[in-house]
Amino acid sequence: MRVRWQWVKACGLVLLVAVGAGAQATQSSAPKAAATGRPAATAHTAATASHAAAAHSAATKPVVAATPPMGWNSWNFFAGKVTDKDIRDTADLLVSTGMRDAGYVYVNIDDTWEGERDANGKIQSNSKFPDMKALADYVHSKGLKLGIYSSPGAKTCARYEGSLGHEEQDAATYAEWGIDYLKYDLCSYSGVMRAQFPNDQAAQFKMMRDAYETMHQAILKTGRPMVYSLCQYGWDSVWEWGPQVGANLWRTTGDISANFDRMSLIGRSQAGLEKYAAPGHWNDPDMLEVGNGRLTHDENVTHMTLWAMLAAPLIAGNNLTQMTPDVASILMNKEAIAIDQDALGKQGSRVFADGPVEIWAKPLTGGRKAIAIFNFGETASEIRGGLHLKDAGLAAQVTARDVWAAKDLGKIGDNWKVTVPRHGVVLLVAR
Ligand code: GLA
């Protein structure tokens, strides 16, 4: 396939744009423009990447992860039990429930697919996944994309085969299978780091960054665009260097679980990270638990809203064969998804907090703002001191719509009163 590169002026920036058959993306002229379509890789190129996304209409295909990736991952529900059949069932259900068309396109196999290596060192899938290439073909035939999982260590977190010493070979194998997304989980590599530099954390962290760069280069070498998802629990302020090792998203915390306290603790702890999110590069507060455990309706709505406000990747983690209409309507709320996926690519920030009541605001295209009024507390509550529109950077009077009530509110001002249920949220889009 021939790709031509062209210098294009857009939004006051000079961009290197791929044109012609096989072109995957728009590259910026900022440092570290890579060869296969991942956007330029430094945090300060965020604006450039966003302009690149806007300008790509001149090219053929979008920036990798121009908006936060959406899909499904096997870990939160199936964990170590996931099989080929679960992935096929999920692919079928993503289509029949409408989730694919709502944007959930990546079907990601997490840990425990890995088998032994053959005599040449090539990774094999285990007996739960008899034919990975056939599975990828099946997933692709549904208009979906397939993700996979590995570790820079010799072993993954579930003690299956990792990629240490086989990075290029593994990336090539993934490309041969037709993989579109790699989650790369530190796991046992932290032991390698500690063994190498027992008393030198800075040197350990340098090894970690290098390990992520090694796989980044291995992916680039395949020539196949893959979303690159870092999972190292937010160590060493990964948001500061993730883009430099090609990350499209990076986990910012330890693991989520299907309970309100853990989910909300993780979500709320994202305050302050907003400046690191941009098209092509997202903070990842972990995969969704909507529909898992005993989360109530309000808790699921709060989870979905918080992740949308954070411009977080929306990677569902529930068992689609048992999805209730209520859970389906939360995961597929078009207006909440549109807030997450807004083309500006801005992560929301906390603008007001009074104990368990918090107001977050997220800039949207067209000069609009999403405003979420959360009540993380145990009893229904009002906001004290009004809607805090000024703190959210809005005028004293706004035209607002209540997203979850699907209701236009007309003009409202700071004196607008609302009671937010326990563990609940009111989500507005205002202009
Ligand atoms: C780690 C990750 C999880 C999951 C498991 C799999 O705990 O943070 O998201 O991938 O490993 O073993």
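The values are calculated or read from the model by the stated rules, or taken from the named source; none is laboratory data. Being a predicted model, the structure only gives us computed values, none of them experimental. We place every Cβ from the backbone using ideal geometry, glycine too, and count neighbours over all the protein chains shown.
Does residue 230 satisfy being within 20 Å of residue 110 (Cα to Cα) and in contact with a Phe, Trp or Tyr (Cβ under 6 Å, 6 or more places away or on another chain)?
Yes; evaluated as a whole, the condition is true for this residue.
Please specify each residue of the stretch 224-251 satisfying the condition of being of a type outside the set (A, V, I, L, M, F, W, C) and within 13 Å of the ligand (Cβ to nearest atom).
229, 232, 233, 234, 251
What's the number of the condition residue 254 fails, among (1) surrounded by fewer than 23 Cβ atoms within 10 Å (Cβ to Cβ); (2) closer than 17 Å to residue 167 by Cβ; (3) within 14 Å of the ligand (Cβ to nearest atom); (4) of a type in the set (Gly, Ala, Ser)?
Looking at each condition in turn, residue 254 falls short on (2).
Results for (1) touching a Lys or Arg at 6+ places or on another chain (Cβ under 9 Å); (2) more than 18 Å from residue 72 (Cβ to Cβ), shown as yes or no for each residue.
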site	(1), (2)
258	yes, no
265	no, yes
272	yes, yes
308	yes, no
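Restricting attention to the stretch 183-194, does a residue exist that is at pLDDT 95 or above, surrounded by 15 or more Cβ atoms within 10 Å (Cβ to Cβ), more than 16 Å from the ligand (Cβ to nearest atom) and under 21 Å from the mean Cα position of the chain (by Cα)?
Checking the stretch 183-194: not a single residue is at pLDDT 95 or above, surrounded by 15 or more Cβ atoms within 10 Å (Cβ to Cβ), more than 16 Å from the ligand (Cβ to nearest atom) and under 21 Å from the mean Cα position of the chain (by Cα).
Do we have any residue at all in the stretch 371-380 that's among the charged types (D, E, K, R), outside any strand (DSSP E or B) and surrounded by fewer than 18 Cβ atoms within 10 Å (Cβ to Cβ)?
Yes - at least one qualifying residue is present in the stretch 371-380.
Limited to the stretch 152-182, what total is found for residues that are within 23 Å of the chain's Cα centre (by Cα), under 22 Å from residue 236 (Cα atoms) and surrounded by fewer than 18 Cβ atoms within 10 Å (Cβ to Cβ)?
Total meeting the criteria: 0.
Being of a type outside the set (Phe, Trp, Tyr) and surrounded by fewer than 24 Cβ atoms within 10 Å (Cβ to Cβ) is the filter here, so list the residues in the stretch 67-78 that pass it.
67, 70
Out of 90, 112, 97, 83, I need the residue that is touching a Gly at 6+ places or on another chain (Cβ under 8 Å) and touching a residue at least 12 places away in the same chain (Cβ under 8 Å). Which one?
The unique qualifying residue is 112.
Checking the conditions here, which among 112, 60 is over 22 Å from residue 329 (Cα atoms), hydroxyl-bearing (Ser, Thr, Tyr) and modelled with pLDDT of 95 or more?
One residue alone meets the criteria, 112.
Pick from the stretch 96-151 the residues that are of a type in the set (Phe, Trp, Tyr) and within 16 Å of the ligand (Cβ to nearest atom): which of them is surrounded by the fewest Cβ atoms within 10 Å (Cβ to Cβ)?
Residue satisfying both the conditions and the ranking: 129.
With respect to residue 315, determine if the residue is among the aliphatic types (A, V, I, L, M), free of Cβ contacts under 8 Å to residues at least 40 places away in the same chain, within 15 Å of the ligand (Cβ to nearest atom) and closer than 26 Å to residue 369 by Cβ.
Spelling it out, it is not the case that residue 315 is among the aliphatic types (A, V, I, L, M), free of Cβ contacts under 8 Å to residues at least 40 places away in the same chain, within 15 Å of the ligand (Cβ to nearest atom) and closer than 26 Å to residue 369 by Cβ.
May I ask you to list the residues in the stretch 79-95 that are buried (at least 19 other Cβ atoms within 10 Å of the Cβ) and either small (Gly, Ala, Ser) or at pLDDT below 95 (or both)?
Result: 91, single match.
Can you go through 218, 202 and tell me which one is away from the ligand (no atom under 16 Å from the Cβ) and free of Cβ contacts under 8 Å to residues at least 12 places away in the same chain?
202
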